[in-house]
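Following: one structure in structure tokens, then a few remarks.
The values are calculated or read from the model by the stated rules, or taken from the named source; none is laboratory data. Values in this document were obtained by computation on a predicted structure and should not be read as measured data. All Cβ positions, glycine included, derive from the backbone under ideal geometry; neighbour counts span all protein chains shown.
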């Protein structure tokens with residue numbers, strides 16, 4: 001599928017637009033030169049600051065370069081293809097996404113390497129990915145954590161003579177998805193053996209963000225390193241280098257440190273997947289970033305910090321009593337997560 | 001503005017669609033006869049059950065008819081113009097909305113009476129409403145709770161020779177917007193007097209949903225009745241009948257009961273604004289509806305209850321340990337509010 005409708009008309013009936021009495025295309029809207037302080041836009045509106053975006057892109061590029069690791073920023077954070085392109089132009093190895101539909105959108109906008117950090121399930125989702133894999137330049141990885149899912153994927157892609165690259169997801173008890181123990185891992189490997197040439201085992205994936213302490217996270221990362229070492233020893237990987245991927249936006253430094261110093265004796269591609277570094281914030285991720293600068297030697301050496309690049313503008317619609325303003329943000333609580341957008 | 005683009009093409013790149021490899025219009029999608037159990041749609045998908053929607057429409061129509069009150073269901077709940085039309089065809093007096101932009105969308109889809117249950121602020125928002133008021137068949141009301149806002153509205157609409165209908169919002173300490181006490185109300189009335197012929201005072205509005213007990217709510221409703229009586233006595237209303245409006249989805253029965261038995265000695269139009277009765281749920285609003293049936297004489301007499309009409313379908317993508325399924329709902333937590341969508 002090609003992105004034939006990117007410059008489709010934007011109507012005044014769409015949410016969050018301004019001084020429009022008729023349709024415009026994206027390209028022609030820029031020429032209107034909307035100015036928020038002149039109230040040309042009907043608030044609430046979210047604004048991205050280009051300078052700070054570029055600063056954050058460069059910060060992360062330096063960080064991953066100094067660790068010699070790869071970056072596949074999670075695209076669900078923004079789901080904005082123009083930002084995906086900025087990330088790819090600033091050193092990202094690929095884009096991480098959550099669903100087949102997000103993958104289809106990214107592909108239509110030119111992204112040619114996607115790590116789908118989820119299991120691929122559902123007839124239409126498999127069909128979507130199958131259509132994209134017909135393009136030999138499209139490099140796609142998804143996660144597996146059950147033999148049932150592996151059998152479904154194997155049957156579907158074998159029938160279409162396609163090859164699907166998968167990473168085994170490891171998980172922790174009470175967490176999200178992912179293989180819990182070595183017995184389950186052995187069952188998975190057994191099922192994968194039935195689909196040689198159809199499902200290519202390319203590496204191991206973890207998401208450490210469900211754990212709350214550095215100690216727990218480091219133990220989990222060691223488990224991933226051991227599993228990767230064992231599977232490599234057994235010659236079970238179909239890709240060189242083997243992919244070892246982890247990291248949300250709060251602990252990517254610990255993952256970079258643990259995975260980059262691990263010596264598995266095989267060529268390894270460590271892929272980090274933080275998404276929130278690009279827009280950053282002045283709340284939860286500012287606090288997480290301070291933690292990173294305090295504990296990580298490379299982040300500590302770097303001369304600057306991530307900067308908040310997203311700002312929400314809204315009208316105060318009422319100040320019904322002293323110290324109590326009602327702000328029309330259009331969200332139930334925009335300040336809840338991932339942190340205060342406004343200072 | 002006319003709704004010239006309602007049948008615009010829907011692309012496979014839009015979220016939550018199914019077996020599409022190219023663009024379709026809304027009208028032609030129906031002919032595809034998608035079936036969820038045949039997995040024709042890429043989950044997650046929200047489904048509305050027409051039978052239950054119609055049942056709920058009829059239930060609410062009977063309720064308001066028996067109380068002799070009017071219904072302006074809050075449209076932000078669904079923001080679905082086809083549902084607005086179903087509500088208007090089943091006895092609704094108008095549609096309640098939260099913003100000028102929502103009002104513009106509703107107008108473009110044929111809605112000709114809107115109660116905007118918020119203050120109207122911001123240059124482009126005033127301009128939007130100004131454009132709509134050029135249509136003499138469009139009946140629009142918004143809330144005021146400060147003399148500053150009244151002065152802004154007065155100046156803007158006077159300059160354009162337009163007349164804006166307003167309701168005074170009363171509020172409670174620590175709650176949302178709204179006039180807190182009689183001194184503030186007096187200041188408001190003073191400012192309104194400067195804009196005779198421009199701003200038409202049409203009634204009083206409250207939102208009782210910020211309070212938590214029936215006793216507090218009844219006291220607040222009595223305050224609204226007293227304020228309405230006083231302003232009517234002073235001949236300050238520019239509309240007959242005077243509008244007295246309240247009620248979210250949890251306490252509309254108490255508002256109906258309190259306002260309908262109040263004898264103010266003037267023609268009164270009581271307007272209720274619940275939004276969630278239409279789709280209902282099996283969580284918070286099911287519990288609220290049981291409370292209503294337990295305490296309200298008319299709801300108790302009615303032979304049936306509201307029925308859940310919205311269902312979210314999603315894939316289980318992993319069962320990594322016994323009793324622990326990971327479901328791809330596309331929301332951080334769809335079950336948080338307004339209640340469990342799935343049983």
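List the strands (runs of 3 or more DSSP E) that sit entirely inside the range A:81-196 and contain at least 3 residues that are farther than 30 Å from residue A:55 by Cα and in contact with a strand residue (DSSP E or B) (Cβ under 7 Å, 6 or more places away or on another chain). Per the criteria, A:139-144, A:164-170. The number of residues in the range A:197-217 that are in a loop (DSSP other than H, G, I, E, B) and under 14 Å from residue A:96 (Cβ atoms) comes to 1.
In the range B:3-26, the residues that are more than 8 Å from every other protein chain (Cβ to nearest Cβ) and surrounded by 13 or more Cβ atoms within 10 Å (Cβ to Cβ) reach residues that are modelled with pLDDT of 75 or more and in a loop (DSSP other than H, G, I, E, B) with C-beta atoms within less than 6 angstrom, at least six apart or across chains, in these pairs: B:20/B:12. If I ask for residues that are in contact with a helix residue (DSSP H, G or I) (Cβ under 7 Å, 6 or more places away or on another chain), within 14 Å of another protein chain (Cβ to nearest Cβ) and either within 14 Å of residue B:116 (Cβ to Cβ) or in contact (Cβ under 8 Å) with a residue 40 or more places away in the chain (or both), which ones from the range B:154-179 would you list? Of everything in the range B:154-179, those that are in contact with a helix residue (DSSP H, G or I) (Cβ under 7 Å, 6 or more places away or on another chain), within 14 Å of another protein chain (Cβ to nearest Cβ) and either within 14 Å of residue B:116 (Cβ to Cβ) or in contact (Cβ under 8 Å) with a residue 40 or more places away in the chain (or both) turn out to be B:168, B:170, B:172.
Annotation: of all residues in the range B:106-123 being farther than 23 Å from residue B:244 by Cβ and surrounded by 19 or more Cβ atoms within 10 Å (Cβ to Cβ), the one that is farthest from the other protein chains (Cβ to nearest Cβ) is B:107.
Residues satisfying the criterion are present in the range A:276-285 (criterion: surrounded by fewer than 18 Cβ atoms within 10 Å (Cβ to Cβ) and under 30 Å from residue B:122 (Cβ atoms)). For residue B:201, state whether it is more than 14 Å from chain A (Cβ to nearest Cβ) and either over 22 Å from residue B:151 (Cβ atoms) or more than 22 Å from the chain's Cα centre (by Cα) (or both). Criteria not met by residue B:201. Screening A:3, A:92, A:30 for residues that are at pLDDT 85 or above and within 26 Å of residue B:15 (Cα to Cα) leaves exactly one candidate, A:92. So, of the residues in the range A:82-100 that are crowded, with 20+ Cβ neighbours inside 10 Å and within 11 Å of another protein chain (Cβ to nearest Cβ), which turns out to be farthest from residue B:317 (Cα to Cα)? Restricting to residues being crowded, with 20+ Cβ neighbours inside 10 Å and within 11 Å of another protein chain (Cβ to nearest Cβ), the top hit is A:100.
Residues in the range A:70-80 that are part of a helix (DSSP H, G or I) and surrounded by fewer than 21 Cβ atoms within 10 Å (Cβ to Cβ) were compared, and the one that is farthest from the other protein chains (Cβ to nearest Cβ) is A:77.
Residue A:149 falls short on exactly one of the conditions (1) within 15 Å of residue B:315 (Cα to Cα); (2) buried (at least 24 other Cβ atoms within 10 Å of the Cβ); (3) at pLDDT 95 or above, and that condition is (2).
With the structure loaded, tell me whether residue B:235 is at positive phi and surrounded by fewer than 19 Cβ atoms within 10 Å (Cβ to Cβ) or whether it fails that test. Yes, satisfied. The set of residues in the range B:290-324 that are out of contact with any strand residue (DSSP E or B) (no Cβ under 7 Å at 6 or more places or on another chain), more than 14 Å from chain A (Cβ to nearest Cβ) and over 22 Å from residue B:261 (Cβ atoms) comprises B:290, B:303, B:304, B:305, B:306, B:307, B:308. Has the range B:263-278 got at least one residue that is under 26 Å from residue B:166 (Cα atoms), modelled with pLDDT of 95 or more and in a helix (DSSP H, G or I)? No, the range B:263-278 contains no residue that is under 26 Å from residue B:166 (Cα atoms), modelled with pLDDT of 95 or more and in a helix (DSSP H, G or I). I'd like the full set of residues that are touching a helix residue (DSSP H, G or I) at 6+ places or on another chain (Cβ under 9 Å), in contact (Cβ under 8 Å) with a residue 12 or more places away in the chain and within 14 Å of chain A (Cβ to nearest Cβ), limited to the range B:30-69. Once the filter is applied, which keeps residues that are touching a helix residue (DSSP H, G or I) at 6+ places or on another chain (Cβ under 9 Å), in contact (Cβ under 8 Å) with a residue 12 or more places away in the chain and within 14 Å of chain A (Cβ to nearest Cβ), the range B:30-69 yields B:40, B:41, B:42, B:43.
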